[in-house]
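Enquirer: Below you'll find the structure I mean.
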Amino acid sequence: TFVDDPNFSTSEQIGSTYANSAYNRGHQLAKAQRKVTALAREQSNYYTNMTPQNGTLNGGKWAQLEAKEREEWMCSDTLYMVSGCHFDNYNTTVRNDDGKTCPVPTHYFKVMLRTKSGSTGKSVASCSANDLICAAYLVANNATATPQLMSVAELEKRVGFTFFVNVPNAPKTTYERTDWE
């Protein structure tokens, strides 16, 4: 069940659905990735965890990236993953069934960091750059978009965020395509 986040007023949340549009509720953090507690899974259904995402993207290429996180990139050491949306502009909006207007993100991204071996037993903050791998995906919010793999540094320039600030050795300027495809 999709519900309002109790930590925000209803007026601050888009809620509902986007009938007669190409968009559905795109979860920033998938419910399938919140297995630690029932509350964590429930929180993934808060409207504050959702943005208008193209339905074809959401059920297709974005879902494939989420599956890779759970099935291929997960490791004994922790996989750190940041998922978010980006706005190159706020020109596109959608109205929900309640009549609220919501800006539509132009892009979505995922940023990943983990140890190379996946089984060092060490925190990433204590590892050397040679022991770590990281990369990012950026994908346009449309039905035909293909996620673009890039370095974390490249994504940082694009979206204006700094990732993994507590991991000074994260190799953010390089990535190996074979680690993340």
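Enquirer: I'd like the distance between the alpha-carbon centres of the range 1-20 and the range 43-62, rounded to an integer number of Å.
Expert: What the calculation gives is 13 Å, centre to centre.
Enquirer: Another question about this same structure. Taking the range 74-181, which trypsin sites (Lys or Arg not before Pro) meet the DSSP loop condition and have no more than 16 other C-beta atoms within 10 Å?
Expert: Lys100, Lys116, Lys122
Enquirer: Take every DSSP beta bridge whose two residues both sit in the chain, then give the antiparallel share in percent to the nearest 5.
Expert: Working: 27 of 28 bridges.
The antiparallel proportion sits near 95 percent.
Enquirer: Looking at the calculated P(r) for the chain, what percent of the C-alpha pair distances fall above 22 Å?
Expert: Of all Cα-Cα distances in the chain, 49 percent exceed 22 Å.
Enquirer: When ligands, DNA and RNA are left out and all protein chains stay put, how many square angstrom of accessible area per residue does the chain have with a 1.4 Å probe?
Expert: Ligands and nucleic acids excluded, the figure is 52 Å² per residue.
Enquirer: A follow-up question, please. Check the chain and count each lysine pair with an alpha-carbon distance under 26 angstrom, considering only pairs eight or more places apart or from different chains.
Expert: For the chain, the number of qualifying lysine pairs is 25.
Enquirer: Sticking with this one: Can you send over the carbon and sulfur percentage of the accessible area for the range 1-145, probe radius 1.4 Å, protein chains only?
Expert: Solvent-exposed carbon and sulfur of the range 1-145 make up 48 percent of the total.
Enquirer: Oh, and also: Quick one: what are the phi-derived ³J(HN,Hα) couplings along the range 47-55, Karplus 6.51/-1.76/1.60 with θ = phi - 60°, whole Hz, x for glycine and proline?
Expert: My calculation for the range 47-55 gives 4, 5, 9, 10, 9, x, 10, 3, x Hz in order.
Enquirer: Roll a 1.4 Å probe over the protein heavy atoms and report the accessible area of Val139 in Å², nearest 10.
Expert: 0 Å²
Enquirer: With every protein chain kept in the model, how would you rank Leu79, Leu132 by accessible area, 1.4 Å probe, largest at the top? Could you put the intermediate results ahead of the total?
Expert: Details: Leu79 25, Leu132 5 Å².
If we order Leu79, Leu132 from most to least accessible, we get Leu79, Leu132.
Enquirer: Okay, next question. In units of 2.2 N^0.38 Å, what is the alpha-carbon radius of gyration of the range 99-181?
Expert: It is 1.27.
Enquirer: Sticking with this one: Of all alpha-carbon pairs in the range 1-84, indicate the percentage at a distance above 20 angstrom. Each step should come with its number before you reach the end.
Expert: On the way: 1351 of 3486 pairs.
For the range 1-84, the share of Cα pairs beyond 20 Å comes to 39 percent.
Enquirer: Could you give the size of the charge dipole of the chain about its Cα centre, using +1 on the Cβ of each K and R and -1 on the Cβ of each D and E, expressed in debye and rounded to the nearest 20?
Expert: My answer is approximately 140 debye.
Enquirer: Another question, if that's okay. For the range 51-147, which semi-axes, largest first and in whole Å, follow from the square roots of 5 times the eigenvalues of its Cα gyration tensor?
Expert: After scaling each eigenvalue by five and taking roots: 33, 13, 11 Å.
The values are calculated or read from the model by the stated rules, or taken from the named source; none is laboratory data. It should be emphasised that the depicted structure is a prediction, and the values quoted were computed from it without experimental measurement. Neighbour counts are summed over all protein chains in view; Cβ atoms, including those assigned to glycine, are modelled from backbone coordinates with ideal geometry. What goes into the accessible areas is simple: the full protein's heavy atoms, side chains included, and nothing from ligands, DNA or RNA. Shrake-Rupley method; radii C 1.70, N 1.55, O 1.52, S 1.80 Å.
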